[in-house]
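Peer 1: Pasting in a structure now, in structure tokens, and then I'll have a few things to ask.
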Amino acid sequence: MWRYPRILAHRGGGTLAPENTMAGLRCGMAHGFRAVEFDVMLARDGVPVVMHDPFLGRTVPGSGNVFDYDARELARMDAGSWFGTGHAGEPVPLFADFARFCQANGVWMNIEIKPAPGYDLQTGATVARMAAQLFATELAAGELSRVPLLSSFSHAALEAAREAAPQLPRACLMSDLPPDWQHRAESLEAVAIHLRHRHLTSGQARRVKEAGYGLFCYTVNDPQRARELLVWGVDAFCTDRIDLIGPSFA
Ligand code: G3P
Ligand code: MG
């Protein structure tokens, strides 16, 4: 069962603002979005930051890996100039700040745990523990539709997340639906399957839904395809084109 919003802004504000930044989040909110997907990984000091690439160079000037820097160093870096001069100086957000802002503004979160290579367990456990602490009141009150959903391509990270905060819901994030998908989902006690929409067939969508899982797709930027997926029974998706596909599209 899917108890969450249907349309999410991908990486904060899709392609209308620098990805995985507060500016992106505000842009999504200005377009009416109250649900967001974003990526989280650990800095050298073990503090989680909101970032997609495990290395510098694309969204942040510089070289080396995210894991070569402490969070406070990353938070001083410019994650906005690559997108446009109007966003120069936009910092790499700390996960804690980003999540607190979402919580305070009623923005539901799909937190994608994106571990740097070799740091799956540490990343999964840290992010899950922090998210569970932040949402302790909602969890205690059983307000599960407000609690973040953790997803990851890393099975190990999700296992660690389950160990650290079993009460937080998890989703298996996969590019294609593998033959053993249900076994993987069961072993994680996952509530949803997150798939790349390009590879999804109507038959696969039916099988996932019939097995009782939520079904989420990334990243859907064509309204016609979005309609088709919803007809197939896809529960929700994230989009980069928040200008074409609004929060009440479904
Ligand atoms: O969580 C869905 C999607 O964001 C996964 O791919 O590379 O955009 O993080 P990516
Ligand atoms: Mg992502």
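The values are calculated or read from the model by the stated rules, or taken from the named source; none is laboratory data. Predicted model, so just to flag it, every value in this text is computed and none were measured. All Cβ positions, glycine included, derive from the backbone under ideal geometry; neighbour counts span all protein chains shown.
Peer 1: Under 9 Å by Cβ, and 6 or more places apart or on different chains, what pairs join a residue from the stretch 80-96 that is at positive phi with one that is at pLDDT 95 or above and surrounded by fewer than 19 Cβ atoms within 10 Å (Cβ to Cβ)?
Peer 2: Note: pairs meeting the criteria are Gly89/Asp78; Gly89/Ser81.
Peer 1: Something else now. Which of the residues that make up the stretch 6-22 are basic (Lys, Arg) and either within 11 Å of ligand 2 (Cβ to nearest atom) or without any contact (Cβ under 8 Å) to a residue 12 or more places away in the chain (or both)?
Peer 2: Arg11
Peer 1: Okay, next question. Can you pull out every residue in the stretch 18-60 that is among the charged types (D, E, K, R) and surrounded by fewer than 24 Cβ atoms within 10 Å (Cβ to Cβ)?
Peer 2: Arg26, Arg34, Asp39, Arg44, Asp45, Asp53, Arg58
Peer 1: Which residue, of Ala43, Ala30, is under 20 Å from Met130 (Cα atoms) and either within 16 Å of ligand 1 (Cβ to nearest atom) or without any contact (Cβ under 8 Å) to a residue 40 or more places away in the chain (or both)?
Peer 2: Ala43
Peer 1: Residues in the stretch 110-117: is at least one buried (at least 16 other Cβ atoms within 10 Å of the Cβ), over 15 Å from His194 (Cβ atoms) and either in contact with a helix residue (DSSP H, G or I) (Cβ under 6 Å, 6 or more places away or on another chain) or among the hydrophobic types (A, V, I, L, M, F, W, C) (or both)?
Peer 2: Among the residues of the stretch 110-117, at least one is buried (at least 16 other Cβ atoms within 10 Å of the Cβ), over 15 Å from His194 (Cβ atoms) and either in contact with a helix residue (DSSP H, G or I) (Cβ under 6 Å, 6 or more places away or on another chain) or among the hydrophobic types (A, V, I, L, M, F, W, C) (or both), which makes the answer yes.
Peer 1: For the stretch 158-193, which residues satisfy the criterion of being touching a residue at least 60 places away in the same chain (Cβ under 8 Å) and either on the phi > 0 side of the Ramachandran plot or of a type outside the set (Val, Ile, Thr) (or both)?
Peer 2: Ala171, Leu173, Ala192
Peer 1: Specify the residue that is nearest to ligand 1 (Cβ to nearest atom); the eligible residues are those in the stretch 118-132 that are of a type in the set (A, V, I, L, M, F, W, C), buried (at least 18 other Cβ atoms within 10 Å of the Cβ) and farther than 15 Å from Glu37 by Cα.
Peer 2: Result: Ala128.
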